[in-house]
Amino acid sequence: MKKKISFATLLLAGTFALISCEKDIDSNPVLIQGDTPVVFPLNVPEFATSPVALSGTEDLTISWTQPKLTADNAPLGQESNMGLSYTVQVSKDGNFTKTFTQALDEVTDADGNYTGVPSGYDYVQLATTYSACKGKLDTDELNLALNQLFLYDKDAELPISEVFVRVLGMMTLGDNSIKQLATSNVVSMKLIASEWIDVLAVPAKESYLWVPGNGNGWNHGVAPVLVSSDGVVYSGYAYMNGEFKFTPVDKWEGEYNNGSFTTVSDNIDLGDGGGGNINCTGPAGMYYLTVDVVEKSLKATPVTWSIIGGFNSWGGDEVMTYDESNHCLTATVNFAEDTEWKFRRDADWAVNLGGSLNALEQDGGNLSATAGEHTIQLFLERPAQDGGFHATIK
């Protein structure tokens with residue numbers, strides 16, 4: 001049975017494969033300069049001798065000989081600090097002239113909608129990157145590539161498709177640009193896709209709900225913004241202090257008010273206090289809001305955020321309070337010595353933030369701070385507009 005799965009989901013599924021090359025690496029190789037990529041051997045894998053059904057197949061390993069790219073013929077590898085990596089391309093005719101992505105861009109308008117069917121393309125570059133001389137092909141990436149190359153009929157039986165595979169050797173230069181230095185020979189394979197994918201489905205666009213209300217002076221410019229990946233369920237953090245509404249844009253158009261919902265949490269009052277306002281009856285503070293515009297439901301969950309770290313032996317929580325002037329959570333903490341620390345919600349590790357102050361992420365690494373008194377601010381209410389959750393320390 002063929003099953004429809006999301007094109008956008010697979011685009012995000014690429015991983016970085018790390019496998020060591022069993023070759024001696026020159027500690028200071030001199031790179032050969034030139035405009036023509038070096039050709040290196042891609043071995044013909046055993047599975048290429050007969051058709052392979054991707055469904056249920058786990059091990060599709062390919063290998064190649066590391067290209068010689070230095071003046072003294074010393075092999076160049078990841079350990080050389082020159083950023084050498086490998087990527088795989090799959091073609092339907094072996095010409096490698098235009099990618100599916102390039103062809104798709106040509107029929108995509110300014111609003112992200114497709115104006116036609118992509119044409120004139122013949123290859124796809126897989127997402128996984130390798131740092132060594134062999135790697136396992138990802139069957140989900142191959143399945144996506146087959147669907148993109150051949151645009152299978154949804155209702156037809158998936159056929160045996162011959163494809164042509166090559167490996168590119170790429171280098172990240174000092175300015176972070178990428179240069180193709182080497183190209184393998186081409187190996188043909190016969191593959192059967194595991195399932196049909198609607199590769200021409202328009203990807204879902206992120207959409208938003210602004211939350212103007214008492215907690216932000218009814219000002220769209222600083223109001224919290226909930227985020228949705230499907231235009232149906234929206235969620236996010238918001239400081240609540242009584243009455244509020246929702247709007248799908250950053251102005252008073254198309255509002256969701258007390259008549260827009262039928263199911264709400266106990267701390268939400270839909271009684272008309274004036275102007276169709278919704279009322280959060282819980283104490284003023286930070287809430288996690290979940291809105292379903294199809295089911296017409298609204299849930300407001302009170303949350304606390306705190307700081308925990310080496311300064312309190314990772315055994316306590318310095319609770320943050322909301323700063324209405326700066327629209328963030330804040331705490332002033334005295335670190336007796338240099339320390340590591342993190343943010344966490346509801347004094348529990350289920351939701352915690354770390355990594356980088358400029359780009360906090362769930363389960364990110366410990367943050368660090370020097371000894372002394374610090375004021376820490378945590379910004380959670382406008383991740384889409386602010387580039388994600390972030391914090392400052394002064």
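The values are calculated or read from the model by the stated rules, or taken from the named source; none is laboratory data. The model shown is predicted, which means the values in this text are computed figures rather than measured ones. Ideal geometry is used to build each Cβ from the backbone, glycine not excepted, and the neighbour counts take in all protein chains shown. The accessibility values were calculated without ligands, DNA or RNA, using every heavy atom of the protein model including side chains. Shrake-Rupley method; radii C 1.70, N 1.55, O 1.52, S 1.80 Å.
Residues in the stretch 237-254 that are open to solvent by 60 Å² or more (accessible area, probe 1.4 Å), at pLDDT 90 or above and of a type outside the set (A, V, I, L, M, F, W, C): 3 in all.
Within the stretch 314-338, residues that are at pLDDT 90 or above sit with their Cβ atoms under 8 Å from residues that are open to solvent by less than 40 Å² (accessible area, probe 1.4 Å) and acidic (Asp, Glu), at 6+ positions apart or across chains, in these pairs: 327/381; 328/381; 329/323; 330/323. Tally time: how many residues in the stretch 308-334 are outside any loop (DSSP other than H, G, I, E, B), over 22 Å from residue 285 (Cβ atoms) and of a type outside the set (S, T, N, Q)? Final tally of qualifying residues: 3.
When each of 333, 291 is tested for being under 29 Å from residue 231 (Cα atoms), surrounded by 15 or more Cβ atoms within 10 Å (Cβ to Cβ) and of a type in the set (Val, Ile, Thr), the lone residue that passes is 291.
Kindly check whether there is at least one residue in the stretch 374-383 that is of a type in the set (Asp, Glu) and surrounded by fewer than 17 Cβ atoms within 10 Å (Cβ to Cβ). Taking every residue of the stretch 374-383 in turn, none turns out to be of a type in the set (Asp, Glu) and surrounded by fewer than 17 Cβ atoms within 10 Å (Cβ to Cβ).
If I ask for residues that are surrounded by fewer than 13 Cβ atoms within 10 Å (Cβ to Cβ) and either touching a residue at least 12 places away in the same chain (Cβ under 8 Å) or in contact with a strand residue (DSSP E or B) (Cβ under 6 Å, 6 or more places away or on another chain) (or both), which ones from the stretch 346-358 would you list? Explain how you work it out, then say what you get.
To start, the set of residues in the stretch 346-358 that are surrounded by fewer than 13 Cβ atoms within 10 Å (Cβ to Cβ) comprises 347-350, 358.
The answer is 347, 358.
Here residue 368 meets each of (1) open to solvent by 40 Å² or more (accessible area, probe 1.4 Å); (2) out of contact with any Asp or Glu (no Cβ under 7 Å at 6 or more places or on another chain); (3) in a strand (DSSP E or B); (4) in contact (Cβ under 8 Å) with a residue 12 or more places away in the chain with one exception, condition (2). Note on the stretch 289-307: residues that are assigned to a strand (DSSP E or B) and free of Cβ contacts under 8 Å to residues at least 40 places away in the same chain total 5. Under the condition of being touching a helix residue (DSSP H, G or I) at 6+ places or on another chain (Cβ under 8 Å), of a type outside the set (S, T, N, Q) and in a strand (DSSP E or B), the residues counted in the stretch 335-365 number 3. Across the stretch 256-285, the number of residues qualifying as open to solvent by 70 Å² or more (accessible area, probe 1.4 Å), more than 22 Å from residue 346 (Cα to Cα) and part of a loop (DSSP other than H, G, I, E, B) comes to 2.
I want to confirm something. Restricting to the stretch 380-394 and keeping residues that are more than 20 Å from the chain's Cα centre (by Cα) and part of a strand (DSSP E or B), which single residue is farthest from residue 212 (Cα to Cα)? Checked the stretch 380-394; the qualifying residue farthest from residue 212 (Cα to Cα) is 393. Restricting attention to the stretch 106-157, the residues being of a type in the set (Gly, Ala, Ser), under 13 Å from residue 92 (Cβ atoms) and surrounded by 20 or more Cβ atoms within 10 Å (Cβ to Cβ) number 1.
Could you please let me know if residue 184 is open to solvent by less than 20 Å² (accessible area, probe 1.4 Å), at pLDDT 90 or above, closer than 30 Å to residue 165 by Cα and not aliphatic (A, V, I, L, M)? Yes. Restricted to the stretch 194-227, and to residues there that are under 18 Å from residue 387 (Cβ atoms) and assigned to a strand (DSSP E or B), the residue that is most open to solvent (accessible area, probe 1.4 Å) is 208.
With the structure loaded, tell me whether residue 163 is hydrophobic (A, V, I, L, M, F, W, C), at pLDDT 95 or above and part of a strand (DSSP E or B) or whether it fails that test. Taking the combined requirement at face value, the residue satisfies it.
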